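Some notes on the structure that comes next.
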Amino acid sequence: MIFLKTDEEIELMYEANHLVGKTLGELAKHIKPGISTLQLNNIADEFIRDHGAYPAFLGYNDFPKSICTSINENVVHGIPSDKVVLKEGDIISVDCGTVLNGFVGDSAYTFCVGEVAEETKRLLRTTKESLYKGIAKALPGNRVGDISHAVQSYCEAKGYSVVRDLVGHGCGRKMHEDPEVPNFGKCGSGPMLKSGMCICIEPMINQGAKNVVIENDRWTVRTRDRKMSAHFEHCIAIRYGGAKILSTFEYVEEIVGKEI
């Protein structure tokens, strides 16, 4: 069932998502060679709680940590660990969620660790750009497939593949609500978009083939061919005149710059 949000509820969602953006910005200060993903988790957990919220991921379907940290060929759902230490040339997707005032915020950003190969930067740029291509199609009267097709066509035209096994989603009082928002599909297909719908668009784009596998920890999803994968996510509200982006990368970009 798809829940339409009131203006007041969308404002509460904006606050929850804005806190996610601030948390990602705080992590951006610390993402560098030598730091462990567990240290990043602990920084995020403390920051979220200090701002009166709760980490949305902690305990969700028994997930054991407060953020997801997915490095290089890991697509999503990587579990922070003191045994996983960032090194020069890595990329790391940090997916973060908060619960604030009864609503969920959810956003993700893929960071460069030190100096990263130019071909890897191109993957990140394309993935981030495709997110905004999808958002541009998030208008009342369009359909979910219009968003999906915009992401897919943009990334595939540049030689990348789109993960099929994982999708974006509705968001609100629960982290995962209807509708599902794939990053692949046909224009004019899927549920119709209506003002008041809140969805998370999250391209997961691979340097190689689209195929993925789940690691033995039953959470971490990686590319089967072990080539790089990138992930960016915004939570948005469907509104007349254009989508309202509820999450933000501004705090990240204050640290790392707007250009990848």
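The values are calculated or read from the model by the stated rules, or taken from the named source; none is laboratory data. Bear in mind that the values here come from a model prediction, so they are computed numbers and not experimental data. Cβ coordinates were reconstructed from backbone atoms using ideal geometry, including for glycine residues, and neighbour counts include every protein chain displayed. Surface accessibility is based on the protein's heavy atoms, side chains included, excluding ligands, DNA and RNA. Shrake-Rupley method; radii C 1.70, N 1.55, O 1.52, S 1.80 Å.
Annotations for the structure displayed:
- In order along the stretch 11-27, the Karplus-derived 3J(HN,Hα) couplings, from 6.51 cos²θ - 1.76 cosθ + 1.60 at θ = phi - 60°, round to 5, 5, 5, 4, 5, 5, 6, 5, 5, 4, x, 5, 5, 4, x, 5, 5 Hz, and Gly and Pro are given as x.
- Only protein atoms count toward the accessible area here, which uses a 1.4 Å probe; on the chain, the carbon and sulfur part of that area reaches 48 percent.
- Binning all Cα-Cα separations of the stretch 46-134 at 5 Å, short to long from zero, yields these whole-percent fractions: 3, 13, 20, 21, 18, 15, 9, 2, 0.
- Extension gain from residue 256 to residue 11, taking 0.36 nm per residue of separation minus the Cα-Cα distance: 85.4 nm
- Taking 0.36 nm per residue of separation and subtracting the current Cα-Cα distance, fully stretching the chain between residue 42 and residue 194 would add 50.9 nm.
- Candidates 217, 178, 90: whichever shows maximal mean-square fluctuation once the chain is modelled as a Gaussian network with Cα springs under 10 Å: 217
- Built amide H within the under 5 Å cut-off of residue 169, gap 5+: 181, 200
- Shape of the stretch 190-239, Cα gyration tensor, a/c cut at 1.5: prolate
- The stretch 1-64 and the stretch 210-260: distance between their alpha carbon centers, rounded to Å: 14 Å
- With the convex hull drawn over the C-alpha atoms of the stretch 173-260, the volume per residue is 172 Å³.
- For the chain: accessible area per residue (Å², 1.4 Å): 43 Å²
- Relative contact order [Cα under 8 Å, 6+ residues apart], the chain, whole percent: 24 percent
- Zone residues, the stretch 64-106, relative to residue 173, backbone N less than 16 Å from point 7 Å out along Cα-to-Cβ: 99-105
- Simple Cβ-charge dipole of the chain, Lys/Arg +1 and Asp/Glu -1, about Cα centre, in debye nearest 20: 720 debye
- Per-residue extension of 0.36 nm, minus the Cα-Cα distance of residue 158 and residue 2, leaves a gain of 52.8 nm for this segment.
- Overall, the ratio between the Cα radius of gyration of the chain and 2.2 N^0.38 Å, rounded to two decimals, is 0.93.
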